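I have placed the structure first, in the form of structure tokens, so that the comments after it can refer back to it.
Here, each number is a calculation from the coordinates, and none is a lab measurement. What you see is a predicted model; the values in this text were computed from it and never measured. Ideal geometry is used to build each Cβ from the backbone, glycine not excepted, and the neighbour counts take in all protein chains shown.
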Amino acid sequence: MELTRIAKRPAASTRLGATVREVCQSLRDEKVGALAVVDKGRLVGIISERDIVNRVIAPGRDPQTTLVSEVMTAPVKTVKEDMTAREALELMHEGRFRHLPLVDRSERVLGMVSVRDLLRDRIDELDMKNADLIAFISADGPGG
């Protein structure tokens, strides 16, 4: 449940037949760094800004004619609803991912988790713990 609360919902997505130019417009419009690639309601890949730079722009491919299916990352690693934020961060660190789709037990995309979202959540958690510790230490109780 922890990741369900953190994930951007619903995940921004695209289709296999979309062009990279269309993806770039969606990334801009949605203000995200990656899109889930969905075909017939199923997750088949992910396409990120990094994929576009490394597989389209750097090699000199034409974004107007290059299809998502040609340059997306597949198969795609995912996180499940029952994983913790810490587990998701570890998976991202090990795989050098910045975005992971969040899926349910039937592999239906629920949202997208980014490193930024996970770190923001962790900072909020640590801020609350810090405030609790300061309150505890500052409390003027018996013998204080």
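A viscosity of 1.306 mPa s and a temperature of 10 °C, combined with the Kirkwood radius over C-alpha pairs in the Stokes-Einstein formula, give the range 2-138 a diffusion coefficient of 100 µm²/s.
Looking at the chain as a GNM with Cα springs under 10 Å, which of ARG96, ARG15, ARG55 has the largest mean-square fluctuation? Per the Cα network of the chain with a 10 Å cutoff, ARG96 tops the list.
Coupling constants for the range 49-61 follow from the phi torsions by the Karplus curve (6.51 cos²θ - 1.76 cosθ + 1.60, θ = phi - 60°), and in residue order they are 4, 5, 4, 5, 5, 6, 10, 10, 5, 4, x, x, 6 Hz; glycine and proline get x. Each residue of the range 9-18 was assigned a 3J(HN,Hα) from its phi angle through the Karplus curve 6.51 cos²θ - 1.76 cosθ + 1.60 (θ = phi - 60°); the sequence is 10, x, 5, 5, 9, 9, 10, 4, x, 6 Hz, with glycine and proline shown as x. Taking Cα atoms only, the orientation of helix 20-30 departs from the longest principal axis of the chain by about 30 degrees.
Computed from phi, the 3J(HN,Hα) profile of the range 119-126 under the Karplus parametrisation 6.51, -1.76, 1.60 (θ = phi - 60°) reads 5, 4, 5, 5, 4, 4, 4, 5 Hz, with x in place of Gly and Pro. Between the Cα long axis of helix 85-95 and the first principal axis of the chain there is an angle of about 40°, rounded to the nearest 10. Modelled spin labels at LYS129 and GLU94, positioned 7 Å past Cα toward Cβ, are 2.2 nm from each other.
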